[in-house]
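Here is the structure we will look at.
The values are calculated or read from the model by the stated rules, or taken from the named source; none is laboratory data. The shown structure was predicted, so the numbers you read here are calculated from the model rather than taken from an experiment. Neighbour counts run over all protein chains shown; Cβ positions are idealised from the backbone, glycine included.
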Amino acid sequence: MAMLEVKDINVFYGLIHALRDVSFEVNEGEVVALIGANGAGKTTTLHTITGLLPSKGGTVTFEGKDITKKPGHEIVRLGMSHVPEGRRVFAGLTVRENLKMGAYTRPKSEVEASLADVYKRFPRLEERKNQPAGTLSGGEQQMLAMGRALMAKPRILLLDEPSMGLSPLFVGEVFKIIQEVSAAGTTVLLVEQNAKKALSIADRAYVLETGKIVKTGKASDLLNDDAIKKAYLGE
Amino acid sequence: MSFLNHLINGISLGSIYAIIALGYTMVYGIAKMLNFAHGDVIMVGGYMCFCATTYLGWPPIAGVLLAVVVCTVLGVVIERLAYKPLRMAPSLAVLITAIGVSYFLQNAALLIWGSSTKSFTSVVGGDPIQLFGGQLTITRVTIVTVLACVVIMVALTLFTGKSKMGTAMRAVSEDKGAAQLMGINVNTTISLTFAIGSGLAAIAGVLLCSAYPTLLPTTGSMPGIKAFTAAVFGGIGSIPGALLGGILLGVIEIFAKAYISTQLSDAIVFAVLIIVLLVKPDGLLGKHVSEKV
């Protein structure tokens, strides 16, 4: 059975039918990419999984539990962390406070150890731990958002456009970290507009177009797919 | 010496405004709404303490505790019943609802306690303290009021700055969605904010009625509006801003009463507010938040 199973979810923004019968699954240990153009419904999909948006019909199952109707704040407790689009770090809180909020649901005794782990992965965050998060650069804020999500010790990490708006140097860094997180045993669902990069590190991928899954397959196959190349890889 | 007397009275009145302003500013910070019923919670606090001490013969401290408990519950209930269903509604709808709640509380008080003025017995007994051979008189209520304000400020600053729950509150005030992703229950956090604000309103109500011992169903509305002004003056959403705004407002009001005109004092207070907002639209300590694209 898949670790995360999304089945026939439908989401509406008023009259706009944003997701139509979207179904896909993520198996334990995989890196799965969800690619597609702007407005295809990638972010909406993630928001529906983590309870920020309600789905009309359909189910989301995580490790065998139906989480479709779970309130958003309970999802992280189950072992699922979501790094939202645009990072959404708490600008007025210090870096350290942001990270501690990431471990909000965890017992106090474990927080310091996780903090040390995150600092080890992101040394830059330790250097700036007492600085308000709003003073960090975009790339540093992305690191903070990822570190904050890892503080919850998730078994699956949902990343929404982690490379958006970053310099090529940071983009490389972000993808390197995703690979490291994956190698350490965390399952990853990656939403990206940067399809080439996403496909290059993913095991499998789904292509979302105007609210529907139109294609799926092994990431390496999709990288060589002519239609995909033309539409998303600019070749 | 009368200058010093006026200054002390101003700080005392300002401390009450500051305690009320905290309720406005915290609720605004978290729920992004102006709770215009906040002033009337003060009145309910006053009546609760009055009933406990006058009708039931309870000691003053028990009266204060009853007021705090009742108002805390009242604040949470108001939020649950009146504001929570409007979480997604336009802010105008929430504002009008808040005004409706305010009228509801005033008229409920009218129904229960009638329209006659109740004379409130100060919860702080004892003779005023005379200094400089009787030239300077400080009532004990004044001292307790200023002390209460200081203690509340320090406690709240520590709570929001250091505690886990307080940090979560600040996270919710910045970004509810992201806070929810951290596992923070946004509804509980909003309830807690209303509970704290309303509990403080009860303390402010008791102190206000102790200093100005008349109690009417409309007792809370004018101090409520002035404290709201103080919160805006200091920068709404900011806890130190509420303190600064409250104290300044109280001092300006008392000085205006003493040296310019009793009738015009409120006009002068609001004129100062308008000038401050013209020069510094975010209030004295307000943070200018620019919308990020």
### Task
Name the one entry in B:Gly183, B:Gly177, B:Gly161 that is assigned to a loop (DSSP other than H, G, I, E, B), out of contact with any Cys (no Cβ under 8 Å at 6 or more places or on another chain) and within 14 Å of another protein chain (Cβ to nearest Cβ).
B:Gly183
#### Entry: Residues of the stretch B:15-46 satisfying the condition of being surrounded by fewer than 24 Cβ atoms within 10 Å (Cβ to Cβ) and under 30 Å from B:Thr121 (Cα atoms)
B:Phe36
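Residue-wise test of (1) closer than 26 Å to B:Ile239 by Cβ; (2) within 13 Å of the chain's Cα centre (by Cα).
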site	(1), (2)
B:Gly10	yes, no
B:Gly14	yes, yes
B:Thr25	yes, yes
B:Ile42	yes, yes
B:Phe50	no, no
B:Gly63	no, no
### Selected residue [among the charged types (D, E, K, R) and farther than 30 Å from A:Gly72 by Cα] from B:Arg170, B:Arg140
B:Arg140
### Criterion violated by A:Lys215 - all others in (1) part of a helix (DSSP H, G or I); (2) basic (Lys, Arg); (3) without any contact (Cβ under 8 Å) to a residue 40 or more places away in the chain satisfied
(1)
### Task
For the stretch A:94-127, name all the residues that are in a helix (DSSP H, G or I) and of a type in the set (Lys, Arg).
A:Arg96, A:Lys100, A:Lys108, A:Lys120, A:Arg121, A:Arg124
## Note on the structure
Of the residues in the stretch A:128-160, those that are more than 24 Å from A:Lys42 (Cα to Cα) and part of a strand (DSSP E or B) come to A:Pro132
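Anything in the stretch A:130-153 that is at negative phi and surrounded by fewer than 21 Cβ atoms within 10 Å (Cβ to Cβ)? List them, or say none.
A:Asn130, A:Gln131, A:Pro132, A:Gly134, A:Thr135, A:Ser137, A:Gly138, A:Gly139
Can you report the number of residues in the stretch A:49-91 which are of a type in the set (A, V, I, L, M) and more than 15 Å from A:Leu4 (Cα to Cα)?
Quick first cut of the stretch A:49-91, residues of a type in the set (A, V, I, L, M) only: A:49, A:52-53, A:60, A:67, A:75-76, A:78, A:80, A:83, A:89, A:91.
Cutting the leftovers down to more than 15 Å from A:Leu4 (Cα to Cα) gives us A:52-53, A:83, A:89, A:91.
Here the count works out to 5.
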### Query
Which condition breaks for B:Ala256 when tested against (1) under 22 Å from B:Leu34 (Cα atoms); (2) free of Cβ contacts under 8 Å to residues at least 24 places away in the same chain; (3) among the aliphatic types (A, V, I, L, M)?
(1)
### Message
Suppose we filter A:Val22, A:Val60 for residues that are β-branched (Val, Ile, Thr), in contact with a Ser or Thr (Cβ under 7 Å, 6 or more places away or on another chain), part of a strand (DSSP E or B) and under 22 Å from B:Ala178 (Cα atoms); which single one remains?
### Response
A:Val60
### Message
Looking at the stretch B:143-153, can you tell me whether even one residue there is of a type outside the set (A, V, I, L, M), surrounded by 13 or more Cβ atoms within 10 Å (Cβ to Cβ) and without any contact (Cβ under 8 Å) to a residue 40 or more places away in the chain?
### Response
no
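How many of the residues making up the stretch A:37-51 are in a loop (DSSP other than H, G, I, E, B) and closer than 12 Å to A:Ile67 by Cα? Quick ask: steps written out before the conclusion?
Narrowing the stretch A:37-51 to residues in a loop (DSSP other than H, G, I, E, B): A:37-41, A:50-51.
If we keep only those that are closer than 12 Å to A:Ile67 by Cα too, we end up with A:50-51.
Result for the stretch A:37-51: 2.
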### Task
Report, by residue number, each residue of the stretch A:155-178 that is within 22 Å of A:Pro123 (Cβ to Cβ) and out of contact with any strand residue (DSSP E or B) (no Cβ under 8 Å at 6 or more places or on another chain).
A:Leu166, A:Ser167, A:Pro168, A:Leu169, A:Phe170, A:Val171, A:Gly172, A:Glu173, A:Val174, A:Phe175, A:Lys176, A:Ile177
### Query
Limited to the stretch A:96-129, what total is found for residues that are away from chain B (no Cβ under 13 Å) and either buried (at least 17 other Cβ atoms within 10 Å of the Cβ) or farther than 23 Å from B:Asn185 by Cβ (or both)?
18
### Query
Which condition does B:Ile225 not pass, out of (1) surrounded by fewer than 19 Cβ atoms within 10 Å (Cβ to Cβ); (2) modelled with pLDDT of 95 or more; (3) not charged (D, E, K, R), if it passes all the others?
(2)
### Query
Do you know which of the residues in the stretch A:161-189 that are assigned to a loop (DSSP other than H, G, I, E, B) and free of Cβ contacts under 8 Å to residues at least 60 places away in the same chain is farthest from A:Lys100 (Cα to Cα)?
A:Ser167
### Query
Given (1) within 14 Å of another protein chain (Cβ to nearest Cβ); (2) in contact (Cβ under 8 Å) with a residue 24 or more places away in the chain; (3) of a type in the set (D, E, K, R), where does B:Lys226 come up short, assuming only one miss?
(1)
### Task
Considering only the stretch B:1-118, give the helices (runs of 4 or more DSSP H) lying wholly within it that have at least 2 residues that are farther than 30 Å from B:Leu136 by Cβ and without any contact (Cβ under 8 Å) to a residue 60 or more places away in the chain.
B:60-78, B:91-113
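Would you check which residues across the stretch A:76-93 are part of a helix (DSSP H, G or I) and facing chain B (nearest Cβ under 7 Å) and list them? Write out each step before concluding.
Here is the first cut: in the stretch A:76-93, the residues part of a helix (DSSP H, G or I) are A:76-78.
The answer is A:Val76, A:Arg77.
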